[in-house]
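I have placed the structure first, in the form of structure tokens, so that the comments after it can refer back to it.
The values are calculated or read from the model by the stated rules, or taken from the named source; none is laboratory data. Values in this document were obtained by computation on a predicted structure and should not be read as measured data. Positions of Cβ are generated from backbone atoms using ideal geometry, with glycine treated the same way; all protein chains shown enter the neighbour counts.
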Amino acid sequence: MAIGQQLSRGSDDGVCLGQASTDKIGFFGLATPVVQQSAGTAYTKTTTTTTTTTALTVDITALGALVNALRTSLVNLGLVA
């Protein structure tokens, strides 16, 4: 398959898309370009001295929220459908 166009500077410095977090970027022509997505809240394991299903449920819920936020950011950029 022929490559239509490449994004390269021909150096080992790499290429940066966008100069500021407010510059909008989209991929594959499938998504409306968006600004840099928020990092959100990092996952922190709930520490408990007891082994209860409640503590495990809270942990799984927090981890699920983080995964969903990451998926939303990837969909917004057009990197996943």
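Here is a list: GLY26, GLY64, GLY78. Which entry is touching a Pro at 6+ places or on another chain (Cβ under 7 Å) and either of a type outside the set (Lys, Arg) or at pLDDT 85 or above (or both)? Before you say what the answer is, go through the steps one by one.
Numbers: GLY64 fails: touching a Pro at 6+ places or on another chain (Cβ under 7 Å); GLY78 fails: touching a Pro at 6+ places or on another chain (Cβ under 7 Å).
Answer to the check: GLY26.
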Practice problem: Starting from segment 16-42, take each residue that is aromatic (Phe, Trp, Tyr) and list its partners that are surrounded by 10 or more Cβ atoms within 10 Å (Cβ to Cβ) and part of a loop (DSSP other than H, G, I, E, B), counting only C-beta distances under 6 angstrom and pairs at least six apart or across chains. | Solution: PHE27/GLY78; PHE27/LEU79; PHE28/GLY78
Quiz item: Hey, among the residues in segment 29-61 that are aliphatic (A, V, I, L, M) and more than 18 Å from the chain's Cα centre (by Cα), which one's modelled with the highest pLDDT?
Solution: ILE60
